[in-house]
Amino acid sequence: MADKTSNQMWGGRFAAGPDAIMEAINASIGFDKRMAAQDIAGSKAHAAMLAATGIVTDSDAKAMTEGLDAVLAEIEAGDFAFSAALEDIHMNVEARLKEIVGEPAGRLHTGRSRNDQVATDFRLWTRDQLDACETALEALMRALVAQAEAGADWVMPGFTHLQVAQPVTWGHHMLAYVEMFARDLSRVRDARARMNECPLGAAALAGTSFPIDRDMTAQALGFDRPAANSLDAVSDRDFALEFLGMASICAMHLSRMAEELVIWSSAQFRFVALSDRFSTGSSIMPQKKNPDAAELIRAKIGRIFGANVALTLVMKGLPLAYSKDMQEDKEQVFDAADNLMLALAAMEGMVRDMSANREVLEAAAATGFSTATDLADWLVRVLNMPFRDAHHVTGSLVALAEKKGCDLPDLSLEDMQGVHAAITGDVFGVLGVHNSVASRVSYGGTAPDNVRAQLARWQEILK
């Protein structure tokens with residue numbers, strides 16, 4: 001009777017009782033099998049080091065290495081039977097290795113622990129993701145540079161508060177995103193340099209009494225050096241948190257750009273047309289072309305930042321060294337990496353395929369009294385008027401244009417002199433949108449010559 005009651009409490013899935021529950025909560029093979037290649041690479045480096053230091057024989061190391069290659073081939077071919085009873089990728093690989101090579105497999109774990117093994121595997125996996133992010137970011141930046149080059153001198157409205165502010169160039173706007181993604185790229189490179197220390201050989205937490213060569217394994221696995229403190233080596237997950245922090249900021253940048261593409265591709269704006277490859281239709285409205293890829297990119301920040309918060313909370317109360325809580329690190333990072341890479345690839349494709357509507361952009365640039373600041377600057381520069389007075393005069397001219405239902409360049413000189421008598425006909429030379437952008441020659445400004453100079457710089461960097 002007690003067994004029946006207990007089983008009802010656990011529910012049908014765990015009808016077998018506590019053992020099933022423990023296996024379900026303890027096993028990580030369902031997700032950490034993604035690190036199989038890294039786990040086997042770490043084991044091969046460890047085996048070679050054990051032989052080089054005389055801890056195992058050369059023949060045992062050769063058997064281990066050939067057996068590990070066979071295990072990897074089975075995994076890559078989809079012929080490997082993963083077992084939850086063996087808990088994790090490390091024990092699954094080792095058990096299969098024993099079946100293949102016999103006794104030498106039992107010597108592979110000499111001088112290491114699953115604690116330093118998983119820390120090494122996870123570092124290797126995360127490093128691979130950082131390398132993939134670097135490639136994807138560079139591809140996206142090249143696509144943006146290509147767009148900027150095509151429209152270096154096209155005028156469009158620049159916005160603040162999503163209200164027309166001043167004219168800018170299409171090239172300048174595209175290069176703004178290049179700058180943003182360049183910062184993401186620098187974070188990728190910084191994180192990679194900082195995390196490139198090898199935990200292997202830290203063993204469970206205190207190091208090992210075997211005469212291992214940690215420099216050898218670090219070098220074999222492409223690390224800059226072995227981690228200097230065994231306690232920290234097995235318990236550190238800063239590298240995963242840095243990856244998630246970088247991913248969160250990058251996903252935020254992608255979301256901001258996606259939002260602009262959603263707005264710009266709408267019937268109300270028509271600034272850009274997205275290709276059919278990155279749009280969908282409506283099930284009942286045949287006229288619709290929905291920017292679904294951009295909208296989904298915009299949503300990815302939720303999952304990625306959620307992973308960042310989740311892992312921070314997992315780690316925040318852990319004493320040194322390893323705790324089983326840290327098994328909860330990988331799924332968050334795996335999911336964030338998958339979604340970031342997908343978002344980067346989709347954004348790169350959208351940017352590369354999209355076409356900007358030059359005529360619509362230029363027409364929109366001239367709306368909303370976008371050259372009002374140019375007028376105020378002219379009053380300061382030519383009439384030597386204090387800027388606050390120039391601001392007031394310009395505001396009066398904007399109000400007059402609103403009343404007349406026209407834009408500033410459409411006011412007559414007589415209209416303008418009615419507000420301030422000293423205004424001359426030269427003022428009309430600064431009121432066109434092309435004149436406006438051409439005048440913004442300060443470093444970092446939107447003038448086409450500036451844009452072309454920045455383009456040359458980025459083209460050189462991204463060669």
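The values are calculated or read from the model by the stated rules, or taken from the named source; none is laboratory data. On a predicted model such as this, the values are computed, not experimentally measured, just so you know. Positions of Cβ are backbone-derived with ideal geometry, glycine not excepted, and every protein chain shown enters the neighbour counts. With ligands, DNA and RNA removed, areas are computed over all heavy atoms of the protein, side chains included. Shrake-Rupley method; radii C 1.70, N 1.55, O 1.52, S 1.80 Å.
A363: out of contact with any helix residue (DSSP H, G or I) (no Cβ under 8 Å at 6 or more places or on another chain) and either open to solvent by 20 Å² or more (accessible area, probe 1.4 Å) or assigned by the TED database to the domain that holds N308 (or both), yes or no?
Yes, satisfied.
Could you please let me know if N435 is among the polar types (S, T, N, Q) and over 30 Å from Q268 (Cα atoms)?
Numbers: among the polar types (S, T, N, Q): yes; over 30 Å from Q268 (Cα atoms): no.
No; evaluated as a whole, the condition is false for this residue.
Kindly indicate whether E328 is at pLDDT 95 or above and assigned to a helix (DSSP H, G or I). Spell out the reasoning first.
Working: at pLDDT 95 or above: no; assigned to a helix (DSSP H, G or I): yes.
For E328, the condition - at pLDDT 95 or above and assigned to a helix (DSSP H, G or I) - is not met.
Would you point out the residue of segment 337-360, among those that are under 30 Å from G429 (Cα atoms) and touching a residue at least 60 places away in the same chain (Cβ under 8 Å), that is most open to solvent (accessible area, probe 1.4 Å)? Steps first, please.
Taking segment 337-360 and keeping what is under 30 Å from G429 (Cα atoms), we get 356-360.
Narrowing further to those that are touching a residue at least 60 places away in the same chain (Cβ under 8 Å): 356-358, 360.
Working: A356: 24, N357: 47, R358: 97, V360: 25 Å².
Only one residue tops the list, namely R358.
Among residues of segment 246-267 that are within 11 Å of R298 (Cβ to Cβ), those with a Cβ under 6 angstrom from a residue that is at pLDDT 95 or above and of a type in the set (F, W, Y), sequence gap 6+ or separate chain, pair up as M257/Y177. When the residues of segment 9-31 are filtered to those that are among the aromatic types (F, W, Y) and at pLDDT below 80, the one that is most open to solvent (accessible area, probe 1.4 Å) is W10. When segment 227-272 is filtered for residues that are over 9 Å from the mean Cα position of the chain (by Cα) and of a type in the set (S, T, N, Q), the ones remaining, listed by number, are N229, S230, S235, S255, S265, S266, Q268.
Of the residues making up segment 85-114, those that are under 36 Å from the mean Cα position of the chain (by Cα) and open to solvent by less than 40 Å² (accessible area, probe 1.4 Å) are D88, I89, H90, N92, V93, R112, S113.
So which residues in segment 157-170 are in contact with a Phe, Trp or Tyr (Cβ under 8 Å, 6 or more places away or on another chain) and within 11 Å of T446 (Cα to Cα), if there are any at all?
T169, W170
Filtering A447, A390, A453, A422 for residues that are modelled with pLDDT under 90 and either within 30 Å of L144 (Cβ to Cβ) or touching a helix residue (DSSP H, G or I) at 6+ places or on another chain (Cβ under 6 Å) (or both) leaves a single hit, A422.
The criterion of being assigned to a helix (DSSP H, G or I) and open to solvent by 50 Å² or more (accessible area, probe 1.4 Å) holds for R142.
Going residue by residue through segment 157-173, is there one that turns out to be over 28 Å from the mean Cα position of the chain (by Cα), modelled with pLDDT under 95, among the hydrophobic types (A, V, I, L, M, F, W, C) and open to solvent by less than 60 Å² (accessible area, probe 1.4 Å)? Scanning segment 157-173, I find at least one residue that is over 28 Å from the mean Cα position of the chain (by Cα), modelled with pLDDT under 95, among the hydrophobic types (A, V, I, L, M, F, W, C) and open to solvent by less than 60 Å² (accessible area, probe 1.4 Å), so the answer is yes.
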